[in-house]
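Beneath this line is the structure, given in structure tokens, with notes to follow.
The values are calculated or read from the model by the stated rules, or taken from the named source; none is laboratory data. Nothing here was measured: the structure is a model prediction, and the numbers come from that model. Reconstructed Cβ throughout: ideal geometry from the backbone, glycine too, with neighbour counts over all protein chains shown. These area figures cover heavy atoms from the full protein model, side chains too; ligands, DNA and RNA do not enter into them. Shrake-Rupley method; radii C 1.70, N 1.55, O 1.52, S 1.80 Å.
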Amino acid sequence: MIEIDPTAKVSPLVDIEDSVRGTRIVIGPGVVVDSFVKIKPAGGIGDVILGERSQVNSGTVIYTGNGVTIGKGVLIAANCTLAPTNHQFDRADVPIIEQRFKPSRGGIIIEDDVWIGANTVILDGAVIRKGAVVGAGSVVRNELRAYTVYAGNPLREIGRRR
């Protein structure tokens with residue numbers, strides 16, 4: 001089920017696939033979703049919730065997987081990937097495509113007032129606390145502290161917001 005608030009601005013060039021398993025995709029009030037964003041139900045039955053006044057820039061891909069919750073006033077720069085799921089790959093005698101998905105690590109939670117830099121990848125189990133900033137090209141797979149600035153690979157804390 002796809003729910004788009006009437007005050008949201010969703011480019012006609014956005015590709016949102018409806019779920020065949022009942023996953024909800026909710027785009028809240030005042031949200032802006034730019035051209036060439038892809039939201040795809042895959043790898044689970046989690047919902048995708050885009051909170052009030054958040055913005056998702058072009059080229060970003062959001063998989064539903066084990067769920068993605070994005071708070072209020074979140075900025076997601078271009079070409080980011082949010083993948084709250086992961087394939088099994090433990091058995092060499094079974095092709096990866098037949099091994100299905102690993103158990104959930106909790107989906108992805110991005111709290112309010114967060115900025116995600118361009119080309120960032122956010123993985124299942126990531127929790128980005130309120131006010132955090134994630135530098136471009138980062139990979140996030142764990143919890144990031146509130147009002148802290150992170151960058152690099154491996155991801156490291158480089159400062160605090162004042």
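See the values below:
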item	result
Unmet criterion (only one of (1) touching a Ser or Thr at 6+ places or on another chain (Cβ under 9 Å); (2) surrounded by fewer than 16 Cβ atoms within 10 Å (Cβ to Cβ)) for P95	(1)
Hits in region 135-148 - residues which are buried (at least 18 other Cβ atoms within 10 Å of the Cβ) and out of contact with any Leu (no Cβ under 7 Å at 6 or more places or on another chain)	G135, L144
Selected residue (only one of G51, G67, G73 is over 19 Å from M1 (Cβ atoms), open to solvent by less than 60 Å² (accessible area, probe 1.4 Å) and not basic (K, R))	G73
Unmet criterion (only one of (1) within 30 Å of E98 (Cα to Cα); (2) under 15 Å from the mean Cα position of the chain (by Cα)) for E17	(2)
Single residue of region 18-27 satisfying the filter (part of a loop (DSSP other than H, G, I, E, B) and open to solvent by less than 60 Å² (accessible area, probe 1.4 Å)) that is modelled with the lowest pLDDT	G22
Residue match in region 28-39 (condition: closer than 12 Å to L82 by Cβ, open to solvent by less than 30 Å² (accessible area, probe 1.4 Å) and in contact (Cβ under 8 Å) with a residue 24 or more places away in the chain)	yes
Unique match (being surrounded by fewer than 17 Cβ atoms within 10 Å (Cβ to Cβ) and modelled with pLDDT under 95) among K102, K130	K102
Residues that are within 13 Å of L155 (Cα to Cα) and open to solvent by 30 Å² or more (accessible area, probe 1.4 Å), drawn from region 109-122	V121
So I96, is it touching a strand residue (DSSP E or B) at 6+ places or on another chain (Cβ under 6 Å) and at pLDDT below 95	yes
